[in-house]
Amino acid sequence: MKWAIFADESEVAGDLASASSREGESEMPGLAGFSSPCMEILNEGGYRAFVQDVECMWRWEIRRDGRLVQDGCSLSQDSSREAVDHVMAFFRIRDTSAAGKTADPLTTSSDRTPPELGRN
């Protein structure tokens, strides 16, 4: 399958290889070539999250100790924050479990009680 009409296959293969080798690298957050800067929306426990307006969408990324661990895009800054919150909920549970603790997302805090089933 050709990636571009006039692209040389060896160039495309090299581009794909270099892109996959960059995954997880420690580099500055955000995409180059856009006038909007990255804004930090989260900084906790070694995790940092950034959002950037890239004209038709908002791009978000989560970094742990400077390395990219998750990224995505959303239609607004608020939905980007919500997406980051959902992903961070997963990372919090995973990190708690990895530390030898069992985490129940409904009862991780003493002041939270599980919701009643079937209640609207």
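The values are calculated or read from the model by the stated rules, or taken from the named source; none is laboratory data. Just so you know, these numbers come straight off a predicted model, no measurement behind them. Neighbour counts run over all protein chains shown; Cβ positions are idealised from the backbone, glycine included.
Assorted remarks:
- Matching residues in region 42-62 - criterion: being farther than 16 Å from ARG92 by Cβ and not aromatic (Phe, Trp, Tyr): VAL51, GLN52, ASP53, VAL54, GLU55, CYS56, MET57, ARG59, GLU61
- Any hit, region 67-81, residues being farther than 21 Å from PRO29 by Cα, at pLDDT below 95, surrounded by 11 or more Cβ atoms within 10 Å (Cβ to Cβ) and not hydrophobic (A, V, I, L, M, F, W, C): no
- All positions within region 42-60 that are acidic (Asp, Glu) and either without any contact (Cβ under 8 Å) to a residue 12 or more places away in the chain or in contact with a helix residue (DSSP H, G or I) (Cβ under 9 Å, 6 or more places away or on another chain) (or both): GLU44, ASP53
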